[in-house]
Structures are given as C-alpha cells and as structure tokens.
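Working notes, structure below.
What follows is calculated from the coordinates using simple rules that are stated; it is not laboratory data. A quick note: this is a predicted structure, and the numbers were derived from the prediction, not measured.
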Amino acid sequence: MERLPAAFTRYRAIVDDWEAFVEALRRPLPVCVWTNTLRATPAQVKAALEAEGLRPEPLAWRRDAFRLPPDSQPGNRLAYVLGHYHVQEEVSLLPVPLLDPQPGERILDLCAAPGGKTAQIAVRMQNRGTVVANDRNPLRLRQLSGTIERLGLLNVTTTLHDGADFPLESGPFDRVLVDVPCSCEGNFRKDQKVADAFAGAPELCGQQTALLHRAVTLCRPGGRIVYATCTFAPEENELVVDTVLRRWGTALRLLPARIEGFRGSPGLTEWNGRRLHPSLERTLRVWPHLNDTGGFFVAVLERQA
Amino acid sequence: MNATPELQQAVKIVDPTPYFRYLEERFGIPPATFDGYVLVQPGRKKVYIVTADHRPPARPRPRTIGLPFLRIYLKFPKLSTAAAQQFGHAATRNVIDTDPAQAEAFLTRRDFHARPTQLTRCTGRGYVLVRYQGHTLGVGFLVPEDAGGRVESMLPKSWARDPDSFRLSVE
Ligand SMILES: C[S@@+](CC[C@H](N)C(=O)[O-])C[C@H]1O[C@@H](n2cnc3c(N)ncnc32)[C@H](O)[C@@H]1O
C-alpha cells in the first residue's frame, strides 16, 4: 500500500472508520456533473451522456446531478459546449443548497473563482436578481467569466478584490458564501501533492478568519452565511468558525448543516485540548469514505443582529 | 423594464435601440426577445446584457456585469458566442443548419463549406448563426462563393474543442 501523508495520521482519533478512510483515499475520485436547468432537463443531460457512451448515475441526494466513472471526460462533448451541464465534484454541490438563495435576492460569493458554486447560485435564482462573484486572482476571475458565458448566466457581476477587505458600501447582502482558500487536503484523491501543504498554517487560518468575519459584516441581520473548505484540518474549519462566533457573540449562531441522503459527521466540539462552542456540532464534516467523495467541511451561520 | 438605481450607479447604461434594430435586420431576432434585460457597458469594447432587476455594487468596480452581448467599434457589431447560444433560437435569417462534419469543423475553429441549399435563409456576406440539431453553436462569417459559401468559425479559442479528440460524426 502507498504511504499516506504523515499529515493525515493526526486524524486517526476523529475518523469513525480509519481503514475505510485510508482505503477510500487510495481510490480515484468519481467525476460528477450537474444539470444547468436554465438550458436542459436532467433527462436530456442523462440521455446526452449515454449517447456518448458514458454511464451517468443520478446522485442519491440530487437527481439533477450525475456521477460518472473516474476516467470520464464529460468536458469534451457537445452538450458541455452548449452549457447543458457543469462538471464539478460532488462535495462542491453541498454549500449552495445550504445557502438556499432565493430569486431576486442579493448574494455575495466572496471567493468565487472558477465559479462552479457561483453558477449553482445563479441557476437556483432562475437567472434573476443579483449574484456578486468576487475573487482576488485575475487569472482565475477569467475562468469564472468563462463559466458564466458557457452556462448563459445573466444575473452575475464579477469583481476583483481582496475579500477580507471587501468594501462595506457594497452591502448588505441577503446571503454570503465564503468558499475560502485552504490546504485542500480533501482533494487528495485528485491530486496527491496537496497533502504537502501545511494544514492549519497560522497565516492561512488568519486569512480564513478575516474572510469569514468580513462575510458576516457584509450580511444583513437575519441573513445567512455559509463557510466551506475542502480540508480536514480542524484549525481551518471548526476553529475558524469558533473564533468568529466568539467575536460576534449573540449576534451570530450556527444552523444545522445537514443534507438528506448525504452522509456526514457532526463538527468537532474539541480539538487538541481546546474546547469549542458546543453548537459547532451543527457543522458538517465530510470524510471521503462516507459517500465515496472528496473531503469537505461546511458551516451554516445566521446573523441575528 | 428599467434599470435599478444600483445598476445605474454602478455602470453606464446603453441605449439598446440601434443594437436591437441591427439584430432584427440581420438575424430577424424580435427586440421583444430581450424584454426584462438591460444593456450596459462596463468597459470599452463590449456591451453586456443583464437581468433588469440586477443590483450590483458601485464599489468594488464591476469587471463584468451579466453576459457579453456585442463587441462594438467594429464595422458591424459582433454578437458574442454566449449571446448567440442564449438568444439564437429567436433568429430567422442568416442562420445555417449544419451537418455533423460542419458542426465539428465549427467547434474546432475550422472553416467549412456550406451548400447552396443551406444558404436559402442567408442574405449575403457577413455574420451568420451556426446551428446544429436545433442548438445555436455560435457565430460564423459567411463569404458567398460560386456554389454555396465558405463559413469561417468565429468561435473564441477558449470555447474551441480539441480537433484531435472531439467528434460529432458517427463513424
Ligand atoms: C476554494 S477556491 C473557490 C472555488 C469556487 N468557490 C468554486 O466553487 O468554483 C478559493 C478561491 O479564493 C481565492 N482567494 C484567495 N484569497 C482570497 C482573498 N483574500 N479574497 C478573495 N479571494 C481569495 C482564490 O483565488 C481561489 O480562487
């Protein structure tokens, strides 16, 4: 067996089934596509993929998205050029239903490129209202524009700015998605190099905390904030959320991040001797072996005042 | 529908009349196709189309707003590929229905030859919409020849498929 990165061994105590975890990490990741319902029906997408000799399997928890075998190349197809579907990992489909954007609202996607989640938001809003998709990286912002154009999105504005310093006069927003840069450990099945990154580096965590704090500041009272990473590292997940919860006190609370038909673990309420707010149990940890996916973390927050 | 105050604050609103008239003349697209949308110009060369209820921030300054619609300051404004795919279904003139080999050429950015029978709805040299199985793929440039015409693929590089691996024709 290939050696697992040493960085992962520290999760032994918090994974329910270590053998299954290790075994899942060694398998290649299935490919996933979701239907752009502005342009096509799930049945059309399924038929188009089948006509290309692929074998789409609807996801257990989302019938408009399909799983394909790991080596599939759904990007090199006519229906893809026509914007009938988008190719995106299954775990990346979790945050937007939890954000639950509504038609006509003003939504901010603070770290948006290359735009897979922006697109899900825009489609859920029926191509109306306002999605502001921001990223700090100009090259990645270009990829975001490519996503908007291919999927035919008419309700997205793109901006190039440091999200941690996003101008306050741009707000308030009804909902904010903060899909932060992270150590990407959960991408291990796609890219073994990711585990070389130092998970939980203080500078990175400081950046994530600043981004989440800004997101809360930009959200209207009563509005919702979703924080997401693709890493296992508690320093970048529960600890960041805990820090921001403490800073906001009663003005901010966690809502349950649960999706029916998708298996997840509750968030940690303790790590390395640090006790966290008990409500962190409401966050969602996704281990690869639970649903045969990548790794992920989501927290759903509601601003009270 | 009028632009929201936020949209007016954030970006230059464009009078759509001449552009809609051009699209109606060349492609037969009725201006009502664009009801509920507003044309804006965030930069120099491109006009964008966005939902009329859109409320973007003025700061940070928007890079793009909605979907690229037309490249302007050309001899004839050019409809973007994104707009062609989005609104091309409404066109009735200067539309070419392609066979698999022609569509494959178009999507891999190669010119293709159109037969005279395929040009019955074309009015002459200039932009055409290229369709395949009822879907608008994008914009071509038609150069009439003795028998039929040559259609240049105006598909941007970023949209193009790899000619070595992309296939529409069934072997
Ligand atoms: C996990 S990726 C986002 C993926 C994206 N949400 C999607 O679904 O396609 C994180 C992004 O954050 C951007 N980023 C990093 N630091 C940032 C900052 N301070 N402000 C805004 N964006 C930042 C990176 O350029 C990167 O594109």
Residues whose built amide H sits under 5 Å from the amide H of A:Leu276, excluding neighbours closer than 5 in sequence, are A:Glu270, A:Trp271
In deg cm²/dmol, rounded to the nearest 500, the helical mean residue ellipticity at 222 nm of chain B, built from -39500 (n - 2.57) for every DSSP H run of length 4 or more, is -5000 deg cm²/dmol
Using amide H atoms built 1.01 Å from N in the peptide plane, name the residues 5+ places from B:Gly126, or on other chains, whose amide H lies under 5 Å from its own.
B:Leu142
Would you mind giving the average projected area, over all directions, of the Cα convex hull of the range B:5-80 in nm² with one decimal?
4.8
Given 20 °C and 1.002 mPa s, how large is the Stokes-Einstein diffusion coefficient of the range A:1-116 in µm²/s, with Rh as the Kirkwood radius over Cα pairs?
129
At 222 nm, what value in deg cm²/dmol follows for chain A if DSSP H runs of at least 4 each add -39500 (n - 2.57) and the sum is divided by all its residues, to the nearest 500?
-8000 deg cm²/dmol
In terms of Cα to Cα distance under 16 Å, which lysines are near enough to B:Lys45, apart from those fewer than 8 places away along the same chain?
B:Lys12, B:Lys75, B:Lys78
Report ³J(HN,Hα) in whole Hz for each residue of the range A:48-57, in order, from the Karplus equation J = 6.51 cos²θ - 1.76 cosθ + 1.60 where θ = phi - 60°; Gly and Pro get x.
5, 5, 5, 5, 8, x, 8, 10, x, 10
Backbone HN-Hα couplings from phi across the range B:57-74 [Karplus 6.51/-1.76/1.60, Hz, Gly and Pro as x]:
x, 7, 10, x, 4, x, 7, 9, 10, x, 10, x, 10, 9, 8, 10, 6, 10
Read phi for every residue in the range B:86-102 and hand back ³J(HN,Hα) as whole Hz from Karplus 6.51 cos²θ - 1.76 cosθ + 1.60, θ = phi - 60°, with x for Gly and Pro.
6, 10, x, 4, 7, 7, 10, 10, 6, 10, 10, 8, 9, 8, x, 5, 5
Reachable lysines from A:Lys193, Cα under 17 Å, same-chain residues fewer than 8 places away excluded?
none
Residues with amide H under 5 Å from that of A:Val180, placed H, sequence gap 5 or more
A:Ala228
Less than 14 Å apart at the alpha-carbon level, and either on another chain or at least 8 residues along: which aspartates and glutamates does that give for A:Lys190?
A:Asp71, A:Glu89, A:Glu90, A:Asp292
Just for chain A, what percent of DSSP beta bridges are antiparallel, to the closest 5?
60
